[in-house]
Amino acid sequence: MGGIPTIYEFLAYLDFLRGTPAAILVLLTASLILILPDWRWLLLALILQYLVVGLLFADVLPPHLAFMKVLVGAFICLILYITARQVNFGRLPEDVTEEEVGQLEEERLVQIGPYSLPIELLFRVFLALIVILTIWAVSQSTGFLLTEVPEHVNLAILSLTGMGLVTFSLTGEPLKAGMGLLTFMTGFELFYHAIEHSIAMLVVLSIADLIIALSIAYLMQARHSFLAFLD
Amino acid sequence: MTAPFILLLIPIGAATIVYLLRRRQTLAVIIGFLAVLTMALFTGTRRPGGVPVSSVGESILNLRWEFFGQPLILNDEIQATLILVYLGVGFLFILTLPFPQDTIFIPATLVVLASMTAALLAQTFVFGSVLLLIAAAVLAILIQGERPGSTLASVRQLSLAVLAVPFLLIAGWMIDTVQAQFLSSIIFLLFGAIVILMVAFPFQLWVSSTVVESRPLVPAVTYGLIALLVTVFLLNVLIANPVVFGNSQFLTMLRVSGAATLIAASLFLLTAKSIGRLLGYLLLLDIGATVIALGLGGRVALDAVMALIVLRILGLILAGVGFGLIRDQVASSLSGDNQLDRCQGLAWRKPLGLALFIYGGLSLAGAPLTPGFAGRWALIINSQSPPGLSMVILVISVIVGVVGLLRFLAKTLSKKDTGSEVEISPESNASRIVASGLLFLGILLAFFPQLILSLSRMLANPF
């Protein structure tokens with residue numbers, strides 16, 4: 001009584017989210033990763049995505065192994081969060097003067113009513129809507145149904161791989177592209193672990209995810225260090 | 001302790017030590033070199049046929065190690081390749097003394113080497129594929145080095161590796177579950193994985209970015225020594241699946257991809273505006289030729305592919321060292337500057353560096369009187385008779401490669417002053433001696449190609 005709940009109790013608490021709601025949530029978080037420019041929101045979307053994907057992993061893997069995937073996701077988010085903090089979440093260093101800021105290329109804005117929105121944000125929203133529609137259409141088509149997984153997992157796999165692919169194709173910025181890569185990998189792993197129940201593969205894919213995260217963190221440091229800003 | 005475990009432990013342990021001592025360059029080089037030398041000796045202390053030599057002790061030389069039930073075995077097929085790559089990496093480490101690289105160069109190379117060794121030792125290729133991904137993730141760090149700024153090449157390298165792994169894993173699952181009805185899918189998946197991992201058309205765009213953004217010796221690791229290990233990994237997969245490797249559709253797709261790579265590289269080469277890009281496109285010519293060679297199929301493909309990659313390593317070392325010597329003379333920044341326009345008079349300012357760059361570049365293009373010609377020649381004489389369209393494209397690409405380099409050479413010979421304020425950095429005696437030695441070695445191997453061809457045949461024979 002009153003101790004730490006077991007994995008099974010956690011799953012029971014979150015039962016209302018399991019199945020199609022989890023798949024739709026995953027589609028939403030993957031879309032947010034594609035759209036959002038602010039690193040803090042991106043990291044929040046990524047951790048939420050790993051938590052929800054854990055519920056989907058529980059549909060194809062034993063719950064304790066699904067929990068391991070969530071833990072790996074949490075570590076990845078921690079690695080990226082610490083690095084993001086070190087480089088001021090991708091913003092300019094605080095001691096940069098107005099003149100120095102003026103030398104940088106200005107963000108192009110578009111006026112919609114009283115709001116000025118970055119044109120890139122609108123483009124990403126538009127693109128995300130197209131991808132969502134495509135994913136939805138594909139998931140309803142029997143020709144693209146992955147017979148080895150339940151229907152809602154099929155939707156989640158398509159969402160993660162599709163959105164991940166678009167995200168990392170659109171940018172060379174290490175954090176955003178890296179999150180796209182991790183999203184793509186998560187979608188693929190969801191499929192792969194459903195068809196291949198090898199513990200060794202689970203472990204080595206998790207190690208690969210962590211090393212990819214470390215690599216992304218290294219590249220974030222290189223891209224957003226003070227010297228890079230001067231360059 | 002088992003042989004595979006030790007082969008992974010040595011480079012990772014050495015990488016940790018070297019990383020901690022990275023500011024003490026000579027010590028780092030010595031430790032790195034000793035690590036790879038030990039690995040080469042350790043791998044070599046076996047007689048052909050798999051019987052271990054007892055000098056190190058029978059209990060240590062157990063050739064099998066299991067990781068969560070996945071066997072890693074040091075077998076005959078990969079022994080010679082591993083030894084060559086370990087020695088090649090050791091040679092590159094030594095070269096960092098006269099031609100310094102980033103301090104991360106040695107530790108990152110050692111970690112990549114450990115992952116790639118594990119990928120080759122893995123007996124199931126799906127397991128090996130994920131180890132390949134781990135190696136690629138560390139390779140992204142190696143490409144970036146300690147350079148702040150653009151990370152495009154590293155991010156794209158990582159993206160391509162992530163993209164390749166699902167192709168391999170799903171193909172592996174289909175093969176393991178004997179889903180013969182999906183043969184065309186397996187062929188498509190393996191073709192996709194091969195062109196991504198060998199950076200052939202349509203995934204060739206990032207090669208030149210990698211050459212531009214990385215330190216001069218990094219391409220020799222990425223597209224030379226590590227590419228050799230990746231190719232051996234892919235050859236293992238193909239030989240284990242003769243239904244795929246003997247499939248005419250699969251082989252035609254490879255030849256078409258190789259020919260398309262050659263055409264793209266040739267077009268880019270004639271319009272290249274920086275030395276880094278020039279080298280990148282010359283490298284692409286070699287990659288295209290290698291993919292065409294793989295598309296020949298069978299025994300012929302093995303010999304030709306091995307010859308081309310071994311010669312590519314040599315070409316990349318020559319051109320890389322030359323590039324390192326002349327790069328600071330032609331650019332104040334690594335990108336965005338029309339470097340070819342700053343090359344006037346370079347031949348008089350840096351003759352040795354330029355000679356090495358040109359000779360290495362010609363070797364990558366496969367020009368006669370260079371070591372690379374032997375690889376192209378082996379490919380042409382082994383191809384079907386009469387020669388197909390891909391062979392015609394191959395010959396034209398050699399000519400384009402030579403023309404591209406001559407165009408660059410003509411600029412460097414011009415004595416007109418560009419008004420450049422770049423100062424000529426003095427070369428040390430050691431770097432001059434080593435660069436001269438490399439040039440001599442390149443010329444020697446061009447006239448005695450059997451030395452290197454017999455080595456490549458030795459690598460191909462166990463298959």
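The values are calculated or read from the model by the stated rules, or taken from the named source; none is laboratory data. These figures come from a predicted structure and were not determined experimentally. Using ideal geometry, Cβ is built from the backbone for each residue, glycine included, and neighbour counts are taken over all protein chains shown. The accessibility values were calculated without ligands, DNA or RNA, using every heavy atom of the protein model including side chains. Shrake-Rupley method; radii C 1.70, N 1.55, O 1.52, S 1.80 Å.
Partner shielding of A:171-183 amounts to 3, given as the average count of beta-carbon atoms from other chains within 10 Å of each residue beta-carbon.
Once Rg and the Kirkwood radius are both taken over the C-alpha atoms of the protein assembly as shown, their ratio Rg/Rh works out to 0.97. Between A:His64 and A:Thr147, the FRET efficiency from the beta-carbon distance, with R0 = 30 Å, is close to 0.70.
Accessible-area rank, largest first, for A:Phe75, B:Phe33, A:Phe191: A:Phe75, B:Phe33, A:Phe191, with all protein chains present and a 1.4 angstrom probe.
Heavy-atom accessible surface of the range B:122-460, averaged per residue, reaches 34 Å², computed with a 1.4 Å probe. Between A:Phe16 and B:Arg24, the simple label model (points 7 Å from Cα in the Cβ direction) yields a spacing of 6.2 nm. Under the criterion of Cα pairs below 8 Å and six or more residues apart, the relative contact order for chain A equals 25 percent.
Between A:Phe75 and A:Glu120, the simple spin-label model (points 7 angstrom out along Cα→Cβ) gives 3.2 nm. Across the accessible surface of the range B:1-121, with the other protein chains kept in place and a 1.4 Å probe, carbon and sulfur atoms take up 69 percent. Comparing A:Leu80, A:Thr171, A:Leu56 along the charge dipole axis of chain A, the residue lying farthest to the positive side is A:Leu56, per the Cβ-charge model.
Residues A:Arg223, B:Arg376 ordered from highest to lowest accessible area at a 1.4 Å probe: A:Arg223, B:Arg376. On the range B:199-241, 70 percent of the accessible area sits on carbon and sulfur atoms, based on a 1.4 Å probe. If you build a Gaussian network model of chain A, linking Cα atoms that sit under 10 Å apart, which residue out of A:Leu210, A:Leu109, A:Leu65 swings the most? So, out of A:Leu210, A:Leu109, A:Leu65, the one fluctuating most is A:Leu109.
Backbone N atoms of the range B:265-288 closer than 13 Å to the 7 Å Cα→Cβ label point of B:Val403 belong to residues B:266-272. Comparing the full protein assembly with the isolated chain, the residues of the range B:121-144 losing at least 50 square angstrom of accessible surface (1.4 Å probe) are B:Val130, B:Ile134, B:Ile141. Note on the range B:1-121: dipole from Cβ charges, positive end direction compared against B:Leu8, B:Gln79, B:Phe91; the farthest Cα belongs to B:Phe91. For the chain pair A and B, the interface hides roughly 2900 square angstrom of accessible area in total, found with a 1.4 Å probe. What is the diffusion coefficient of the range B:122-460 in µm²/s, taking the Kirkwood radius over Cα pairs and the Stokes-Einstein relation at 10 °C with a viscosity of 1.306 mPa s? Taking Rh from Cα pairs, D becomes 78 µm²/s.
Extending 7 Å from Cα along the Cβ direction at B:Ile396 and again at B:Val243 yields two label points whose distance is 3.8 nm.
Once the range B:257-380 is represented by equal point scatterers at the alpha-carbon sites, with solvent omitted, what log10 I(q)/I(0) does the Debye formula produce at q = 0.19, 0.22 Å⁻¹? The Cα Debye sum returns log10 ratios of -0.98, -1.19. The Rg/Rh ratio for chain A is 1.01, where Rg is the radius of gyration of the alpha carbons and Rh is the Kirkwood radius. Full extension of the chain segment joining B:Asp328 with B:Leu270 gains 18.6 nm, where the gain is 0.36 nm per residue of separation less the Cα-Cα distance.
Between A:Ser141, A:Ser116, A:Ser215, the Gaussian network model of chain A with springs among Cα atoms under 10 angstrom shows the greatest mean-square fluctuation at A:Ser116. Legend: mean number of C-beta atoms from other chains within 10 angstrom of residue C-beta atoms, peptide A:188-199, equals 3. Identify, among B:Leu120, B:Gly388, B:Leu296, the residue whose Cα sits farthest towards the positive end of the charge dipole of chain B, taking +1 on the Cβ of Lys and Arg and -1 on the Cβ of Asp and Glu, with the dipole about the Cα centre. Comparing the listed Cα positions along the dipole, B:Gly388 ranks first. In the context of the full protein assembly, B:Glu213 retains an accessible surface of approximately 30 Å², using a probe radius of 1.4 Å and ignoring ligands and nucleic acids. Solvent-accessible area per residue in the range B:1-121 equals 41 Å², computed with a 1.4 angstrom probe and all protein chains kept.
Using 0.36 nm per residue and subtracting the Cα-Cα separation, the extra length available between B:Leu369 and B:Ile94 on full extension is 96.3 nm. When A:His64, A:His152 are compared by accessible area at a 1.4 angstrom probe, the order from most to least is A:His64, A:His152. Under 20 Å from a point 7 Å along the Cα-to-Cβ line of B:Asp176: which residues of the range B:62-77 have their amide N that close? Only B:65-74 pass the distance filter. Probe 1.4 Å, all protein chains in place: accessible area of B:Trp348 in Å², nearest 10? Roughly 140 Å² of B:Trp348 is accessible to a 1.4 Å probe. Can you spot the lysines whose alpha carbon is less than 17 Å from B:Lys415's alpha carbon? Ignore those fewer than 8 places along the same chain. Partners within reach: B:Lys350.
A helix-only calculation puts the protein assembly as shown at -24000 deg cm²/dmol for mean residue ellipticity at 222 nm, using -39500 (n - 2.57) for each DSSP H run of at least four residues, averaged over all residues. A 1.4 Å probe, protein heavy atoms only, puts the accessible area of A:Asp59 near 50 Å².
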